[in-house]
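**Q** Next up is a structure, given as structure tokens.
The values are calculated or read from the model by the stated rules, or taken from the named source; none is laboratory data. Not measured: the values here are computed from a predicted model. All Cβ positions, even for glycine, are placed from backbone atoms using ideal geometry, and neighbour counts span all protein chains on display.
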Amino acid sequence: MNRINQLFKQKSKDVCSIFLTAGFPNLNDTVKTVLELEQNGVDMVEIGMPFSDPLADGETIQSSSLVALENGMTIDILFRQILAIREQSQIPIVLMGYFNPVFKYGLELFLKKCELSGVDGLIIPDISVEEYELNYKSLFEKYQVPLTFLVTPKTSTARFEKIKNHSSTFIYYVSSASTTGKTGEFSAEQLIDFEQMKSEEINLPVLMGFGIHDSKSFKTACNYFEGGIIGSAFIRSRKEGKSIVDFVGEIKGIRTESVLRRTN
Amino acid sequence: MKFTIDQNGYYGKFGGAFIPELLHPPVEELKEAFYAIKDDEDFKESYLNLLKDYVGRPTPLYYAERLSKKYDAHIYLKREDLNHTGAHKINNTIGQILLAQKMGKKEIVAETGAGQHGVATATVCALMGMECKVFMGEVDIERQAPNVARMRMLGAEVIPAKSGSKTLKDATNEAIRFWINNPSTYYIIGSVVGPHPYPEMVAYFQSIISEEIRTQLFEKTGKVNPDAVIACVGGGSNAAGAFYHFLDEQVDLIIAEAAGHGINSGKSAATSILGTEGVIHGSKSLLMQTEDGQIVEPHSISAGLDYPGIGPLHAHLIETKRAKVFPITDQEAVDAAFNLSRLEGIIPALESAHAFAILEKTSFKNQTIVVNLSGRGDKDLSTYMKFL
């Protein structure tokens, strides 16, 4: 069974997923970052494949992507790092990145390597559900690498139905119409959107991302959905040199000592 | 027609809409609005009236006698440089601002390279009383200072794009990011790039160029078609307009692209030669990229051609060998600009100068050809002055 489905079978609330940029801050940090996140109670990781022109990302992920590229990060190196992770860990791994590098690599080869190295899912924000249906569905299905689509408060009912039909692991709900990395509080309007989304009939777990940056926003995500995804805030904490144990502890709203006790 | 777009927004295998879900609603809204006006007579009337009285169309089709003599051909210049604001860009912004108005939009965002599209956007925003933000690469802000001043005088806010190579590619990224964060804004793309329906829409609004060429050429020569049409391509909007009504005719379509310091110099923007298939700014096309699919920073002396991609229509024309491409170096473009200035008394934009450089590259003996003179050279004087 796919590790993401396995996870949600065992855990249906407070699921914590963290996004990290592969090869950031140093080329070989990917493996130890993922392992450390797992040790500190993170349930799933999304590993960002850096791209020179990340359209949907704010400054934080733009700059971590550039650093990773300057470090020499490539898709082949990433697959080797994932194999290294898999020697020690069964944490669900989702790869997230823009379509161009994947397309250039060769979608079929890429999917084959995802399957072989133990990748559990993909998020490619610039493949729309229409393009997926038109040109790419058969390949994803052939290699059984599930693609997770983003759904926003503005996604129409008809599109949402389509997206649900093509999803098999979880729905990535975007908290607001924005690029990544916003740090404000959720507005009353957004809470109404979340309520609306919560009331939808969805046979899959939902994780909320974009703008989840502290324990309060993570708690909001968990109140409405199965859990939350933290990206830019984690990248910022890496830049500031904050320890992973402190960061995860803060997000989960538990004191660092208790996290330490649990992992020891 | 063999070269029209299909129902999914593709020209052959190029095009489509590779956009994050966040952009889907505004792109869908735009698509519906564009198809509603595309064949609407009232809309067309307001568009053509503004082109006539405000822009100054039709632009002349001028027989360049001394140039013709030099190259032993019958060379006609389509004088897009005589449009209000000095380039073809305003054909598109007039069309899109009318569409934005129809959609009830109040705020406009745009990207610009040389500043011509930025000026054309700032101009129509002033005309319609709309708020205007233009993203422009920091490098371009420096090398195109007069256009920055013009945009500001017209009331637009010029926002420097500081990411990446700080040129057109990055200005486009920033404009798209702004659109994601402000989806009620109308995004006026300046070239035949971007997600469907932009390439089709911009080509449609620029098609007035070839529509006029046909009529004017017939009036002057009795010929229905020229033997060849020559235009420069960055993203490709002026070429799309100049080629549009000749796509299915027996007319050679010839593209000048910016080779920078030379194809193999590492400082070039010759996408058709250096580019491979990929996705840039929301559509599948040819683009300059590394082995790992990272977009390469291009170089051209001309800010308007300094772009690592090419519109999907042009990728299709090149792939199917319908269009022929000549790479033109910075130096060849400058030489062509001086040549045109001294033979015909017309200082062309650096972008357009690339098209004229093709006359040196191949023979058009006794042929009737049209060169699209897409813009005037005032904005490039500081560059030209270095060669005086």
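**Q** Inspect segment B:7-27 for any residue being of a type in the set (F, W, Y), in contact with a Phe, Trp or Tyr (Cβ under 8 Å, 6 or more places away or on another chain), in a loop (DSSP other than H, G, I, E, B) and within 21 Å of B:A242 (Cβ to Cβ) and give the result as yes or no. Break it down into steps so the answer makes sense when it comes.
**A** Taking segment B:7-27 first, the residues of a type in the set (F, W, Y) are B:10-11, B:14, B:18.
Applying the additional criterion that residues be in contact with a Phe, Trp or Tyr (Cβ under 8 Å, 6 or more places away or on another chain) yields B:11, B:18.
Filter again for in a loop (DSSP other than H, G, I, E, B), leaving B:18.
Subset that is within 21 Å of B:A242 (Cβ to Cβ): none.
Scanning segment B:7-27, I find no residue that is of a type in the set (F, W, Y), in contact with a Phe, Trp or Tyr (Cβ under 8 Å, 6 or more places away or on another chain), in a loop (DSSP other than H, G, I, E, B) and within 21 Å of B:A242 (Cβ to Cβ), so the answer is no.
**Q** Here is a follow-up. Within segment B:31-39, is there a residue that is more than 20 Å from the chain's Cα centre (by Cα) and within 14 Å of another protein chain (Cβ to nearest Cβ)?
**A** Scanning segment B:31-39 turns up at least one residue that is more than 20 Å from the chain's Cα centre (by Cα) and within 14 Å of another protein chain (Cβ to nearest Cβ).
**Q** Let me ask you something else. Considering every residue within segment B:293-311, establish whether at least one is modelled with pLDDT of 95 or more, away from every other protein chain (no Cβ under 14 Å) and in a helix (DSSP H, G or I).
**A** Within segment B:293-311, none of the residues are modelled with pLDDT of 95 or more, away from every other protein chain (no Cβ under 14 Å) and in a helix (DSSP H, G or I).
**Q** Do we find that A:F140 is within 13 Å of chain B (Cβ to nearest Cβ), assigned to a helix (DSSP H, G or I) and modelled with pLDDT of 95 or more in this structure?
**A** Taking the combined requirement at face value, the residue does not satisfy it.
Results for (1) without any contact (Cβ under 8 Å) to a residue 60 or more places away in the chain; (2) within 20 Å of B:D53 (Cα to Cα), shown as yes or no for each residue.
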{"residue": "B:L77", "(1), (2)": "no, no"}
{"residue": "B:G86", "(1), (2)": "no, yes"}
{"residue": "B:E107", "(1), (2)": "no, no"}
{"residue": "B:T121", "(1), (2)": "no, yes"}
{"residue": "B:E131", "(1), (2)": "yes, no"}
{"residue": "B:I141", "(1), (2)": "yes, no"}
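**Q** Could you go through segment B:93-108 and let me know if any residue there is on the phi > 0 side of the Ramachandran plot, more than 14 Å from every other protein chain (Cβ to nearest Cβ), buried (at least 22 other Cβ atoms within 10 Å of the Cβ) and not basic (K, R).
**A** no
**Q** Going residue by residue through segment A:77-85, is there one that turns out to be part of a helix (DSSP H, G or I), within 12 Å of chain B (Cβ to nearest Cβ) and at pLDDT 95 or above?
**A** yes
**Q** Something else: If you check B:S184, B:S191, B:S163, B:S207, which single one turns out to be small (G, A, S) and free of Cβ contacts under 8 Å to residues at least 24 places away in the same chain?
**A** Numbers: B:S184 fails: free of Cβ contacts under 8 Å to residues at least 24 places away in the same chain; B:S191 fails: free of Cβ contacts under 8 Å to residues at least 24 places away in the same chain; B:S207 fails: free of Cβ contacts under 8 Å to residues at least 24 places away in the same chain.
Every option except B:S163 fails the conditions.
**Q** B:N173 fails exactly one of the following numbered conditions: (1) in contact with a His (Cβ under 9 Å, 6 or more places away or on another chain); (2) outside the structural domain of B:Q116 (by TED's automatic domain parsing). What is the number of that condition?
**A** For B:N173, the failing item is (2).
**Q** If you don't mind, there's one more thing I want to ask. Just to be sure, is B:K379 outside any strand (DSSP E or B), among the basic types (K, R), more than 19 Å from B:L67 (Cα to Cα) and in contact (Cβ under 8 Å) with a residue 24 or more places away in the chain?
**A** Here the answer is yes, as B:K379 does meet what is asked.
**Q** Considering only segment A:95-116, state which residues are of a type in the set (A, V, I, L, M, F, W, C), farther than 14 Å from A:L139 by Cα and in a helix (DSSP H, G or I).
**A** A:F99, A:L116
**Q** Given the criteria at pLDDT 95 or above, more than 22 Å from B:K162 (Cβ to Cβ) and touching a Phe, Trp or Tyr at 6+ places or on another chain (Cβ under 6 Å), does B:A126 qualify?
**A** Considered against the rule, which asks whether it is at pLDDT 95 or above, more than 22 Å from B:K162 (Cβ to Cβ) and touching a Phe, Trp or Tyr at 6+ places or on another chain (Cβ under 6 Å), B:A126 comes out as no.
**Q** Since A:E130 meets every condition but one in (1) more than 9 Å from every other protein chain (Cβ to nearest Cβ); (2) in a helix (DSSP H, G or I), which condition does it not meet?
**A** Every listed condition holds for A:E130 apart from (1).
**Q** Can B:A126 be described as of a type outside the set (D, E, K, R) and touching a helix residue (DSSP H, G or I) at 6+ places or on another chain (Cβ under 7 Å)?
**A** Against the criterion (of a type outside the set (D, E, K, R) and touching a helix residue (DSSP H, G or I) at 6+ places or on another chain (Cβ under 7 Å)), B:A126 does not qualify.
**Q** Same structure, new question: Could you check A:I93 against (1) surrounded by fewer than 22 Cβ atoms within 10 Å (Cβ to Cβ); (2) aliphatic (A, V, I, L, M); (3) in contact (Cβ under 8 Å) with a residue 12 or more places away in the chain and say which number it fails?
**A** A:I93 satisfies every listed condition except (1).
**Q** Which condition does B:D227 not pass, out of (1) within 14 Å of chain A (Cβ to nearest Cβ); (2) modelled with pLDDT of 95 or more, if it passes all the others?
**A** Here B:D227 meets the rest and fails (1).
**Q** In addition: Among the residues of segment A:2-48, count how many are aliphatic (A, V, I, L, M) and part of a strand (DSSP E or B).
**A** Of segment A:2-48, the ones aliphatic (A, V, I, L, M) are A:4, A:7, A:15, A:18, A:20, A:22, A:27, A:31, A:34-35, A:37, A:42, A:44-45, A:47.
Now narrow it down to the ones that are part of a strand (DSSP E or B): A:15, A:18, A:20, A:44-45, A:47.
Residues that pass the stated criteria total 6.
**Q** Could you tell me how many of the residues in segment A:152-199 are of a type in the set (A, V, I, L, M, F, W, C) and within 14 Å of chain B (Cβ to nearest Cβ)?
**A** Number satisfying all stated conditions: 7.
**Q** List the number of the failed condition for B:A203; all other conditions in (1) within 14 Å of chain A (Cβ to nearest Cβ); (2) touching a Ser or Thr at 6+ places or on another chain (Cβ under 9 Å); (3) closer than 17 Å to B:G309 by Cβ; (4) aliphatic (A, V, I, L, M) hold.
**A** (1)
**Q** Looking only at segment A:94-109, how many residues end up being more than 8 Å from every other protein chain (Cβ to nearest Cβ), over 16 Å from A:Y172 (Cα atoms) and not small (G, A, S)?
**A** 3
**Q** Ok, one more. Taking segment B:213-254 on its own, how many of its residues are of a type outside the set (G, A, S) and in contact with a Ser or Thr (Cβ under 7 Å, 6 or more places away or on another chain)?
**A** Total meeting the criteria: 10.
**Q** Could you give me the residue pairs with C-beta distances under 9 Å whose first residue belongs to segment B:4-21 and is away from every other protein chain (no Cβ under 11 Å) and under 15 Å from B:G194 (Cβ atoms), whose second residue is in a loop (DSSP other than H, G, I, E, B) and aromatic (F, W, Y) wherever it lies, and which are 6+ apart or on separate chains?
**A** If the second residue must be in a loop (DSSP other than H, G, I, E, B) and aromatic (F, W, Y), the pairs left are B:Y11/B:F3.
**Q** Out of everything in segment B:271-286 that is facing chain A (nearest Cβ under 8 Å) and among the aliphatic types (A, V, I, L, M), what residue ends up being farthest from B:I328 (Cα to Cα)?
**A** In this case the residue turns out to be B:V279.
**Q** If you don't mind, another one. Kindly check whether there is at least one residue in segment B:87-101 that is assigned to a helix (DSSP H, G or I), over 17 Å from the mean Cα position of the chain (by Cα) and closer than 23 Å to B:L381 by Cα.
**A** Checking segment B:87-101: not a single residue is assigned to a helix (DSSP H, G or I), over 17 Å from the mean Cα position of the chain (by Cα) and closer than 23 Å to B:L381 by Cα.
**Q** Could you list all residues from segment B:337-351 that are crowded, with 24+ Cβ neighbours inside 10 Å, under 20 Å from the mean Cα position of the chain (by Cα) and not acidic (D, E)?
**A** Correct list: B:A337, B:P348, B:A349, B:L350.
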